[in-house]
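Rule-based calculations on the coordinates, nothing more; no lab input. Every value quoted in this text rests on a predicted model; they were computed, and no experiment measured them. As a convention, Cβ positions derive from the backbone with ideal geometry for all residues, glycine included, and neighbour counts pool all protein chains shown.
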């Protein structure tokens, strides 16, 4: 039997439009409400059984998601209604390399044109080969997800230490401190800019994208204190130089998204050179202040207070002027140094895990194209499949 066969997309899977669910109708529950790029919320009801493979239909095209639980795909998505005997995880990986954003039919708002897909010629392997390819690629995803969970736990630990010391005021030897209205009397109130050499920002323009160049980081590329460089916008060297003259990023700077994904934050690691857009940059005067400022700015209360002082008419944003003049407590050099000494190993461990993830993603993505195209053969590999993957084949 031929391992790989040519066919048309319409014989591969059947895509259906998602379901309407207005925001006011969402009732907090356990089932994911799947939007075009991510899980939007959790609802008390669901529409489809797992596994659920979803891609953006309107607005954001090309992003493919795999949801292994009962869920509600929204009407801005297309979900796989019929896998037609193909392995669902393989289908997910196959759609990822199709670049569905290229099948745009919208004149204004991007919209996926299914008519362009139906007769598209594709090459599909037998189900056993599909399962092998899915197992190899899923192993990388599992490692990445495990690291993400560990990063999230470490971040939660650091946040709790900050709250214990600087919100609940149970810092080392707090029993000996004198308080006035719940605040140590020797703490000073200072403008945020006084902690920094400079408070600045990146570009507000959108430079022309290039296929190979420097990364342009926005708030949506920031998560869990790090920048995600996968599938990110790239700009020319000259545009990067022009933006860098304003921002001058160095290791230890704090990135703070001030529009769109408000409050997303990262600490600059100078192993990769990049530019930023619509991001405020805090440059601490002393390295030991970085962790204190980072976790202070992560406080929900701080974000709410910043927004009260600076907000856009159509889209919320935090202005550079408000960020510079925002007043915070200076807990004193000794206490801030002790906090940094405690938190820095946690940050270092997070960075190691994040670097591992970056390497895993790069390797997975290189394998992805070669495996799905058939250029890298897996026919002779002896792979033991988990029970769940055999069940998926019957979806």
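How many nm separate the modelled label positions at residue 272 and residue 157, each set 7 Å beyond the Cα in the direction of the Cβ?
With each label point 7 Å from Cα toward Cβ, the separation is 2.5 nm.
Compute the long axis of helix 127-166 from its Cα atoms, compare it with the longest principal axis of the Cα atoms of the chain, and write down the angle in degrees, 0 to 90, nearest 10.
Orientation of helix 127-166: about 10 degrees from the principal axis.
Quick check: the angle from helix 300-309's long axis to the longest principal axis of the chain, C-alpha only, nearest 10 degrees?
Tilt relative to the chain: about 80 degrees.
Can you tell me the 0 to 90 degree angle between the C-alpha axis of helix 237-247 and the longest principal axis of the chain, rounded to 10?
Helix 237-247 sits roughly 30 degrees off the main axis of the chain.
For the stretch 78-198, just say rounded, prolate or oblate: build the C-alpha gyration tensor, square-root its eigenvalues into a ≥ b ≥ c, call rounded for a/c under 1.5, and beyond that prolate if a/b exceeds b/c, oblate if not.
Prolate is the answer for the stretch 78-198, as a/c is 1.5 or above and a/b outweighs b/c.
Would you mind getting me the FRET efficiency between residue 60 and residue 167? Use the beta-carbon distance for r and R0 = 51 Å, nearest 0.05. Can you show the working numbers first?
Values: r = 36 Å, r/R0 = 0.71.
That gives a FRET efficiency of 0.90.
Normalised by the residues of the chain, what does the relative contact order come to in percent, with Cα pairs under 8 Å and at least six apart? Display every interim value, and only then the final one.
Details: 679 pairs, mean separation 66.1, N = 395.
The value is 17 percent.
Under the rule a/c < 1.5 gives rounded, and otherwise a/b versus b/c splits prolate from oblate, where does the stretch 188-330 land using the Cα gyration tensor?
Note, shape of the stretch 188-330 comes out prolate.
Name the shape class, rounded, prolate or oblate, that the alpha-carbon gyration tensor gives for the stretch 1-125, where a ≥ b ≥ c are the square roots of its eigenvalues, rounded holds for a/c under 1.5, and otherwise prolate holds if a/b is larger than b/c and oblate otherwise.
oblate
Find the all-direction average of the projected area of the Cα convex hull for the stretch 5-45, expressing the result in square nanometres with one decimal place.
For the Cα atoms of the stretch 5-45, the hull's average projected area reads 4.3 nm².
I need the per residue convex hull volume for the chain, using only the alpha carbons, in cubic angstrom as a whole number. Mind showing how you got there, number by number?
Values: hull volume 69.4 nm³, N = 395.
Taking the convex hull of the Cα positions in the chain, it is 176 Å³ per residue.
Take peptides 302-308, 24-30 and line them up by average Cβ neighbours within 10 Å, highest first, as a rough protection proxy.
302-308, 24-30
Work out the FRET efficiency for residue 367 and residue 102 from their Cβ-Cβ distance, taking R0 = 30 Å, and round it to the nearest 0.05.
Computed FRET efficiency for residue 367 and residue 102 comes out at 0.85.
Just order 169-179, 278-288 by mean Cβ neighbour count inside 10 Å, highest at the front, would you?
Most protected by this proxy first, the peptides run 278-288, 169-179.
Could you rank the peptides 217-223, 35-41 by their average count of other C-beta atoms within 10 Å per residue, with the highest value first?
217-223, 35-41
Taking the Cα-to-Cβ direction at residue 23 and at residue 177 and moving 7 Å from each Cα, how far apart do the two end points lie in nm?
Between residue 23 and residue 177, the simple spin-label model gives 3.9 nm.
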